[in-house]
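Engineer: Here it is: the structure, laid out below.
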Amino acid sequence: MRINCPYCGPRPNEEFNVLGDATKTRPDADKATAQDWLDYVYERDNPKGRLEEYWHHASGCRNWLVVKRNTVTHEVYSVVAARDYKKTHPEGVKK
Amino acid sequence: MPEISKNPKRLSPLENIALPGKYGAINNETPGVILSVCPARSVVSIGARKNMEAKVSAVFKKQYALIAPKPGRSEYTKNLAVHWAGPEQWYVITNSCEEGTLYDKLAKQFSGIASIIDQSHGRVTIKVSGRNACDLMAKGTPVDLHKNAFTKGCCAVTEMAHITVHLAEIADDEFEVSVFRGFAESFWQWLTEMSLEFGYEVK
Ligand SMILES: [Zn+2]
């Protein structure tokens, strides 16, 4: 699988570390219940098909990226620097 | 008590490992690859603080008459090399001053707008040249090194032999590849083994 890093260009996935689901938004520390934290920290779907994930270009620019990809075909739809993604999705990534 | 030298000399981790000579498939030809460990130099990293990129660029322009290198680019002045090292991050390298001098200077010039870290002791740089230099580098990195894609003035942060490296093409078919000091020996082992087929000379 090749990831087109917005800074470094296309690189193979061995240069990256994966963190996982990018659709989770950190709960408000003052209001969150134990259930909110459970969802945020542990609960993960295991979708077949489209997925949005955080990847870290560890052996490259060392930046966090949001990668939209397909878990079946390994097709990568889009790659955006996580900090730019936050600007256009201030509420977090939505499913 | 051991005697402490008054003039300590920086020792390369490749001091007794990168030994001058000719190795591998040389036959009667000249070696395809020439490797040399760069002498101890000053390496300082600059990381622009939040929203300070324009100010950092202005200091580069005013103090060094150069453009802060864009992703994958290097800029050179008479005494300095400046390599892109990540978004809003650069390495500044020089051979032409005493240890610590470059850091002191940059820390003043970029005070308040960037984080300045002296990495001189942390990195080892190897110069790779010769007619097979590009072939050798291409064995390590997935970065496209074809002349149409990667030329003098280009650089990349990438991986070779599972080791993160900074790669720069400093002249046509002449590369500088730099690794963290602790990885220098493993990296050298890989580099020399990969050079055997071309024949290589250590200078
Ligand atoms: Zn990158």
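Engineer: Using a Gaussian network model of chain A with C-alpha springs under 10 Å, which one of A:65, A:38, A:19 is most mobile by mean-square fluctuation?
Structural biologist: Of the options given, A:38 has the highest mean-square fluctuation.
Engineer: Now, a different point. In a Gaussian network model over chain B where Cα atoms closer than 10 Å are linked, find which of B:116, B:126, B:26 has the largest mean-square fluctuation.
Structural biologist: Among B:116, B:126, B:26, the largest GNM mean-square fluctuation belongs to B:26.
Engineer: Checking the table B:9/B:78; A:68/B:55; A:86/B:105; B:108/B:203; B:55/B:127; A:86/B:55 against a 30 Å threshold on Cα-Cα, which pairs fail?
Structural biologist: The answer is A:68/B:55; A:86/B:105; B:108/B:203; B:55/B:127.
Engineer: Quick check: from the Cα gyration tensor, does chain B come out rounded (a/c under 1.5), prolate or oblate?
Structural biologist: oblate
Engineer: Only counting other Cβ atoms within 10 Å, I'd like B:80, B:145, B:35, B:11 sorted with the fewest neighbours first.
Structural biologist: With the sparsest Cβ surroundings first, the list reads B:11, B:80, B:145, B:35.
Engineer: Around residue B:163, under 13 Å between beta carbons, what's the net of Lys plus Arg minus Asp minus Glu among the other residues?
Structural biologist: -2
Engineer: By the scheme Lys and Arg +1, Asp and Glu -1, what is the net charge of all other residues having a beta-carbon under 14 Å from that of residue A:72?
Structural biologist: Every neighbour counted, the sum reads +3.
Engineer: Averaging sequence separations of C-alpha pairs under 8 Å and six or more residues apart, then dividing by the length of chain B, give the relative contact order as a whole percent.
Structural biologist: In percent, rounded to a whole number, it is 31.
Engineer: Next up: Calculated from DSSP H runs of 4 or more alone, at -39500 (n - 2.57) each and per residue, what is the 222 nm mean residue ellipticity of the protein assembly as shown, nearest 500?
Structural biologist: The helix contribution divided over the protein assembly as shown gives -5000 deg cm²/dmol.
Engineer: On to the next question. Considering only the other residues whose Cβ falls under 13 Å of the Cβ of residue A:12, what net charge follows from Lys and Arg at +1 and Asp and Glu at -1?
Structural biologist: Charge balance near residue A:12 sits at -2.
Engineer: While we're here: Is the shape of segment B:69-112 rounded, prolate or oblate, going by the alpha carbon gyration tensor and its root eigenvalues a ≥ b ≥ c, with a/c under 1.5 for rounded and a/b larger than b/c for prolate?
Structural biologist: oblate
Engineer: With no solvent and one point on each alpha carbon, what is the Debye value of log10 I(q)/I(0) for chain A at q = 0.13, 0.15, 0.17 Å⁻¹?
Structural biologist: At q = 0.13, 0.15, 0.17 Å⁻¹ the computed log10 ratios are -0.47, -0.62, -0.77.
Engineer: In whole angstrom, note down how far apart the Cα centers of segment A:1-60 and segment B:85-163 are.
Structural biologist: 29
Engineer: Using only the Cα atoms of segment A:22-71, what do you get for the radius of gyration and for Dmax, in Å?
Structural biologist: When restricted to Cα atoms, segment A:22-71 yields Rg and Dmax of 13.7, 38 Å.
Engineer: Can you tell which of A:71, A:25, A:33 shows the greatest fluctuation in a Gaussian network model of chain A with Cα springs below 10 Å?
Structural biologist: In the Gaussian network model the winner is A:33.
Engineer: Which percent of Cα pairs goes in each bin when the distances of segment B:42-118 are cut into 10 angstrom slices starting at zero?
Structural biologist: All Cα pairs considered, the percentages come to 21, 61, 18, 0.
Engineer: Loop-only trypsin sites (Lys or Arg not before Pro) in segment B:1-52, please: DSSP not H, G, I, E or B, and at most 12 other Cβ atoms within 10 Å.
Structural biologist: B:6, B:9, B:10, B:50
Engineer: Here is a further query. Could you tell me which of A:46, B:180, B:115 has its Cα farthest along the dipole of the protein assembly as shown towards the positive end, charges placed at Cβ (Lys, Arg +1; Asp, Glu -1), taken about the Cα centre?
Structural biologist: B:115
Laboratory data are not the source of any read-out in this text; all were calculated from the coordinates shown. Remember, it's a predicted structure, so these values are computed and weren't measured experimentally. Counting neighbours? That spans all protein chains shown, and the Cβs are built from the backbone with ideal geometry, glycine included.
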